[in-house]
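Colleague: Before I ask anything, let me first share the structure, which is written out below as structure tokens.
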Amino acid sequence: MIYKAVLFDLDGTVLDTSDLIISAFRHTFQKHCNRELTPLEIHAFFGKTLRSAIEHFAPDKVEESIQSFREFNLVHHDQMTKIFSGVTETIQSLHEAGIMTVIVTSKTKKTALRGLKLFNLDHYFPIIIGSDQCQNHKPHPEPIQKALFQLEMKPEECLMVGDSPFDLISARRAGVKTVAVRWTRVSWKTILHEVPDFTLENMHELLAICGI
């Protein structure tokens, strides 16, 4: 076995929440700023925390904008959240092979759990590192380092799978090899600029990388 654990980003990697996130941002900034954000503007913040995105677009209306975003997300989350093809089967195969699976997300742990439970995946992820558990967020290495600490593993024993440059930078700074997913909404040129160690056309390809 080549790797003992796989760390996954959640949104855009395991779960398809792009439409939900874009709709929530548009609702929020139309309400508070009378401004229409483009998908490209929003995609640039995929992988970063909600607060950092709000502070960029509405620095004088941060708290009320965060509240509006979360209220919209709460109402529409379940109906607008989907799972990417091959994710469930791949995670099951990793589990059967004895490889640990971990979520490292810019969402809060509670919100991440809600998404995982929708697709009965929560029991595969005994460790979830959310934004509310870190002082520093991606692209800082702290979220990855916290996962390694809880796993009691060395960086070289793990992989990080993500859809944003922030996932890749965070993992690389922590000494963990990186896997970029081709179904990202982020510009592929931006992803390749971070020189991922591996790329996936579909999630099933992860099994070969892990020696399964």
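Colleague: Here are Thr184, Thr199, Thr178: which of them is in a loop (DSSP other than H, G, I, E, B), assigned by TED's automatic domain parsing to the domain that holds Glu89 and among the hydroxyl-bearing types (Ser, Thr, Tyr)?
Modeller: So the residue among Thr184, Thr199, Thr178 that is in a loop (DSSP other than H, G, I, E, B), assigned by TED's automatic domain parsing to the domain that holds Glu89 and among the hydroxyl-bearing types (Ser, Thr, Tyr) is Thr184.
Colleague: Starting from the range 2-19, take each residue that is of a type in the set (Gly, Ala, Ser) and list its partners that are modelled with pLDDT under 95 and part of a helix (DSSP H, G or I), counting only C-beta distances under 7 angstrom and pairs at least six apart or across chains.
Modeller: Between residues of the range 2-19 that are of a type in the set (Gly, Ala, Ser) and residues that are modelled with pLDDT under 95 and part of a helix (DSSP H, G or I), the close pairs are Gly12/Ser18.
Colleague: Residue by residue through the range 176-212, note down the ones that are more than 23 Å from Glu96 (Cα to Cα), charged (D, E, K, R) and in contact with a strand residue (DSSP E or B) (Cβ under 9 Å, 6 or more places away or on another chain).
Modeller: Arg182, Glu194, Asp197
Colleague: Something else: Being of a type in the set (A, V, I, L, M), closer than 26 Å to Gln92 by Cβ, free of Cβ contacts under 8 Å to residues at least 40 places away in the same chain and not assigned by TED's automatic domain parsing to the domain that holds Ile22 narrows it down to one of Ile169, Ile191, Ile127, so name that one.
Modeller: Checking each option against the conditions leaves just Ile127.
Colleague: Of all residues in the range 100-140 being part of a loop (DSSP other than H, G, I, E, B) and of a type in the set (Lys, Arg), which is modelled with the highest pLDDT?
Modeller: To start, the set of residues in the range 100-140 that are part of a loop (DSSP other than H, G, I, E, B) comprises 105-108, 119-121, 125-126, 130, 134-140.
Now restrict to residues that are of a type in the set (Lys, Arg): 107, 138.
Values: Lys107: 91, Lys138: 94.
This residue is Lys138.
Colleague: Right, next: Kindly indicate whether Leu118 is more than 18 Å from Thr184 (Cβ to Cβ), in contact with a helix residue (DSSP H, G or I) (Cβ under 9 Å, 6 or more places away or on another chain) and surrounded by fewer than 20 Cβ atoms within 10 Å (Cβ to Cβ).
Modeller: Judged against the criteria, Leu118 is a match.
Colleague: Are any residues in the range 77-99 part of a helix (DSSP H, G or I) and over 18 Å from Trp183 (Cβ atoms), and if so, which ones? First the steps, then the outcome.
Modeller: Residues of the range 77-99 part of a helix (DSSP H, G or I): 77-80, 87-96.
His77, Asp78, Gln79, Gln92, Ser93, Leu94, His95, Glu96, listed by residue number.
Colleague: Let me ask something else. Considering only helices (runs of 4 or more DSSP H) fully contained in the range 1-76, which possess at least 3 residues that are loosely packed, with under 15 Cβ neighbours inside 10 Å and touching a Pro at 6+ places or on another chain (Cβ under 6 Å)?
Modeller: none
The values are calculated or read from the model by the stated rules, or taken from the named source; none is laboratory data. Computed from a predicted structure; not experimentally measured. Because the Cβ atoms are built from the backbone with ideal geometry, glycine has one as well, and the counts that use them run over all protein chains shown.
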